[in-house]
1. Fewest first, what order do Tyr183, Tyr69 take by the number of other Cβ atoms within 10 Å?
2. I'd like to know which of Ser352, Trp52, Ser86 lies farthest towards the positive end of the charge dipole of the chain, counting +1 on Cβ of Lys and Arg and -1 on Cβ of Asp and Glu.
3. How far is it, in nm, from the label point at Met360 to the one at Lys296 when both lie 7 Å from their Cα along the line to the Cβ?
4. If you place +1 on the Cβ of every Lys and Arg, -1 on the Cβ of every Asp and Glu, and leave all else neutral, what size is the dipole of segment 174-289 about its Cα centre, to the nearest 20 Debye?
5. Among Cys75, Cys410, rank each residue by its count of other Cβ atoms within 10 Å, from fewest to most, as a rough exposure measure.
6. Got a sec? Charge dipole of the chain, +1 on Cβ for Lys and Arg, -1 for Asp and Glu; which of Thr182, Val218, Leu320 is way out at the positive end?
7. Which value, in nm² and rounded to one decimal, describes the direction-averaged projected area of the C-alpha convex hull of the chain?
8. When a/c is below 1.5 the answer is rounded, else prolate if a/b is larger than b/c, else oblate, so apply that to segment 1-154 with a ≥ b ≥ c taken from the square roots of the Cα gyration tensor eigenvalues.
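Read the figures in this text as sums done on the coordinates, not as results from a lab. Just so it is clear, the structure is predicted and the values come from calculations on it, not from any experiment. Every residue, glycine among them, receives a Cβ derived from its backbone with ideal geometry; neighbour counts consider all protein chains shown.
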Amino acid sequence: MPVPFSEASDAYDAIIIGSGLGGLTTANRLAYCGHKVLLLEYHHKLGGLAAWFKRRGHIFDVSLHGFPYGMVKTCKKYWNREIMNSIVQLKKIVFDNPQFSLETTFDRQDFTSILENRFRIPRQTIEAFFSAVSSMNFYDDQTMTTRELFEQFFPGRTDIHRLLMEPITYANGSTLDDPAITYGIVFSNFMSRGVFTFEGGTDRLIDMMTAELEKNGVTICTRSKVERIVVEKGRVKGVEANGRVIAAKAVVSNSGITNTINNLTDRRAFSEAFLEKAAAIRVNNSSCQVYIGIRKGEQVNDIGDLLFTSSAPEFDSRELLDLHTRSKTFSLYYPKTRPGHDRYTIVASMNSRFEDWQNMDDEQYVGEKELLIERTLDDLTRYLPDIRTKVDWVEAATPRTFNHYTLHTCGTSFGTKFEGLDISRTIFKEIGGLFHVGSVGIIMSGWLGAINYGVIVANDADGYLRSLRG
Ligand SMILES: Cc1cc2nc3c(=O)[nH]c(=O)nc-3n(C[C@H](O)[C@H](O)[C@H](O)COP(=O)(O)OP(=O)(O)OC[C@H]3O[C@@H](n4cnc5c(N)ncnc54)[C@H](O)[C@@H]3O)c2cc1C
């Protein structure tokens, strides 16, 4: 359990700022390696964007829509077997748009069959495409865009581009103009076995992770906003939070990389060249969501676990971001998702731009949120005609909501574009003992990306702490 901030000691080996999945993982690994670790979280709950909230008996998951099978190995190796055992497949992924309607298990075998039999693509081309994307790795050429990749294998086939791209845009905010590698790595991860979820919901996962952190001796304080990373003579000395300085040999920021550089650290501690590169970082888009609770005792038909729906004629990254987009993903949470909890909930997710919502006055903001809810219920009525009679809770979140709860620049849902990764990976070269973990560069975002990155950064910080011991 988190302890009051006043109970934290005056000095630690490592302080982790933020408890997103990246921060939690780094904290856990460092404590497991024997370091004295303090985890400080601004919000009153842990998890960051791996969030949930309760309303009138409903539990809504904010970002538990699906992750790749790789989570099984990652959780077994870096968390524990119990967490791993709760990872289950979402078997019914549905697409419905003016170009096609289909159901899939979202794995390579099923996609091969769909591309061959439905979209009439020769087997050889499909195999060549899969082999090209699965061989992409981090160090590859980053000049080819996803658009160019698709044109190379499926020229002019906007229907196939949509099938391949739409889910990935929802999964990490990437567009056709981002480097193909950001697409290839994430798409291949999903294609290995399909889409998975965490049985019992985000609250259960974060509870299990918290128990593991406690077992390893991490001190956890919530409602503790770090105001400043203390740097002296090119090295971190600790952090300032709630008006108190706590010393640390290493500081790992899970706050966004732009926040970390611009708001938490004295910018004079960085070199001009580094700041120039950091200024070029583009943050990813944000999201809107509509949370729909079904009245106790009511049921909804099985229309799929994930439903990618759009009435836009073709896939267009800009259309997906539009304030009034006609594209959204419905995540359906049936009672099986939370054994022992007999409620149905539905969450609609849309990609969104912070700037579209930022400058609205209060009246306009409330009005647009209501319109968003109405459009969402209208869209859902196409699949569940009597849904409006079954709903007893509905509310919306916007980029402003995400910004409010996570402090992320522009409420970004998926960190930064590709250039953020290099800055995140090199920040320790600028300031000894300062590390960053969290969604950057598209591939390090998402539940799996954030946890895996947490492990990488824990290794870096562990190496640094050991080097201090001589
Ligand atoms: C709407 C939505 C849907 C998503 N759906 C999926 C999905 O289906 N599958 C998937 O894999 N991923 C999904 N994601 C992305 C995924 O949730 C994130 O990539 C991942 O959880 C981010 O983890 P992180 O480590 O980067 O930290 P974050 O979750 O971004 O957390 C950072 C934490 O740092 C804290 N913090 C910031 N500044 C301070 C400070 N100064 N002091 C103290 N604490 C601070 C914040 O409060 C926060 O808790 C979704 C995201 C959104 C927004």
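1. Numbers: Tyr183 28, Tyr69 19.
Ascending number of Cβ neighbours within 10 Å: Tyr69, Tyr183.
2. Going by the charge dipole, the pick is Ser86.
3. A separation of 3.2 nm, rounded to one decimal place.
4. 480 debye
5. Exposure proxy ranking, most exposed first: Cys410, Cys75.
6. Positive-most Cα among the choices belongs to Val218.
7. Value for the chain: 22.2 nm².
8. Prolate, because a/c is 1.5 or more and a/b exceeds b/c.
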